[in-house]
Structure formats: C-alpha cells, structure tokens
Amino acid sequence: MSTTTQDFWQTEPHHHEEGASTSIGFWIYLMSDCLMFAVLFATFGVLHGNYAAGPAPKDLFDLELVALNTAMLLFSSITYGFAMLAMAQDNRAGTLRWLGITLIFGLCFLGIELYEFRHMIHEGVGPQRSAFLSAFFTLVGTHGLHVTFGSIWLVTLMVQVWQRGLIAANRRRLICLSLFWHFLDVIWIGVFTLVYLLGVI
C-alpha cells in the first residue's frame, strides 16, 4: 500500500466546534417561528375587517394600556442585554440579577395581556364573536405563549447559572435565549403597529 493511501485511511475525523449544532438548530427553529408568525400576520391581514357587526378595534383597544405593555417587553429586552454584558464580564451575580429583572418585566407583560383578554371576554368579545377577533386572539395569544415559554426557560437558566456558574454550556443557552427574547420583541412591535395602532387609527 502506498504512503498516500495510508495517509488517506489514517486521516483523523473532522471535529465540529462544540455547540455548533445547537446554534444551527436554534436558528432553524427561529426561522420556522418566523414563518409561523408570517402566516398569522397574513391571516390577520385578510380577516381584520370582518367584524360580523361586532366591535371594531377602536371600540376595543386601550392604546395607553397597550403602550405600557409594549414598554414592559422593550425594557425586558434592555435588561437582558445588561445580563449578557455581565455574562461577558464573568459576573455571575450580575447576570442573575439582570435576568431576574428581565423576568419581572416579562411577567408584567403577560399579566397585562391576560387582563386585556379577560376584560374582552367578560364583555362578550371573545374569539368566537367574529373572524377579526379570532385572528386577533390567535396572533396575540400565540405571541403570549412564546413569552410564557421564554419566561419558563429563563427561570430554568437562572437555576442552572446559580448552581453551575457561567460554564460554556450555560453561556450558549443564554445566547440562544437572548436571540429568542429579542425575536419576540420584534414580533411584538409588528403586533403593536399593525394590530393595535393602525387598527385604532
């Protein structure tokens, strides 16, 4: 057997960077989420004028309350950014502190959204009232479920960072959650603009 042939068979297998598959898989997940929300936005765009002789957006939405809710989510994005800065400085206590503040803002967002849903359903304008309301509850509710999932994920990571510190695996997870959290901010800005703001105007 020639030397070249021996070198070919003895070549060491290629090693992928640790965590690379996790990052690629998460980006694929985010792209699939983008497609899902694109479908929900498109559906709302088609059905937003079908009130079935029921209330229109200007009769339902309190822009001041929605603006407050938007501020909660945007502030949570800022505080998560501070958590990432603390992580870069290898400051576990600072990371946990900012993650905790982020969680509080996220829970405030969910609380206000649940209050809005409860008030609308109590007034008899639930998702079954019209095609517009079905599309509204589906779009906004799906976003709310994502924030709920993100909050649970955030609590889980806080426990892991508290127990194991800022190890490489936890850093990767925090980065993935950061992408997810900021993605939800971008989606909500679209919801606030297209569903609430333009609906009332």
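Screening Gln89 against (1) without any contact (Cβ under 8 Å) to a residue 12 or more places away in the chain; (2) under 18 Å from Ile175 (Cβ atoms); (3) under 14 Å from the mean Cα position of the chain (by Cα) leaves a single unmet condition, (3).
Exactly one residue among His182, His122 is modelled with pLDDT under 95 and either within 29 Å of Gly100 (Cα to Cα) or surrounded by fewer than 16 Cβ atoms within 10 Å (Cβ to Cβ) (or both), and that residue is His122.
Check whether at least one residue in the stretch 63-71 is within 18 Å of the chain's Cα centre (by Cα), of a type in the set (S, T, N, Q), crowded, with 16+ Cβ neighbours inside 10 Å and under 22 Å from Leu198 (Cα atoms), and report yes or no. Yes: one or more hits. In the condition set (1) out of contact with any helix residue (DSSP H, G or I) (no Cβ under 6 Å at 6 or more places or on another chain); (2) open to solvent by less than 90 Å² (accessible area, probe 1.4 Å); (3) at pLDDT 95 or above, Gln89 is compliant with all but (2).
Of all residues in the stretch 58-73, those that are within 17 Å of Val125 (Cα to Cα) have Cβ atoms under 8 Å from Cβ atoms of residues that are β-branched (Val, Ile, Thr), 6 or more apart or on another chain, in Lys58/Val200; Leu60/Val125; Phe61/Val200.
Could you tell me whether Glu113 is surrounded by 15 or more Cβ atoms within 10 Å (Cβ to Cβ) and among the acidic types (Asp, Glu)? Show your work before the answer.
On the way: surrounded by 15 or more Cβ atoms within 10 Å (Cβ to Cβ): yes; among the acidic types (Asp, Glu): yes.
Criteria met by Glu113.
Of all residues in the stretch 142-179, those being assigned to a helix (DSSP H, G or I) and open to solvent by 10 Å² or more (accessible area, probe 1.4 Å) number 24.
The values are calculated or read from the model by the stated rules, or taken from the named source; none is laboratory data. The structure displayed is predicted, hence computed values, not measured ones. When we count neighbours, we look across all protein chains shown, and the Cβ atoms used for this are built from the backbone with ideal geometry, even at glycine. Side chains included, ligands, DNA and RNA excluded: accessible areas come from the protein's heavy atoms. Shrake-Rupley method; radii C 1.70, N 1.55, O 1.52, S 1.80 Å.
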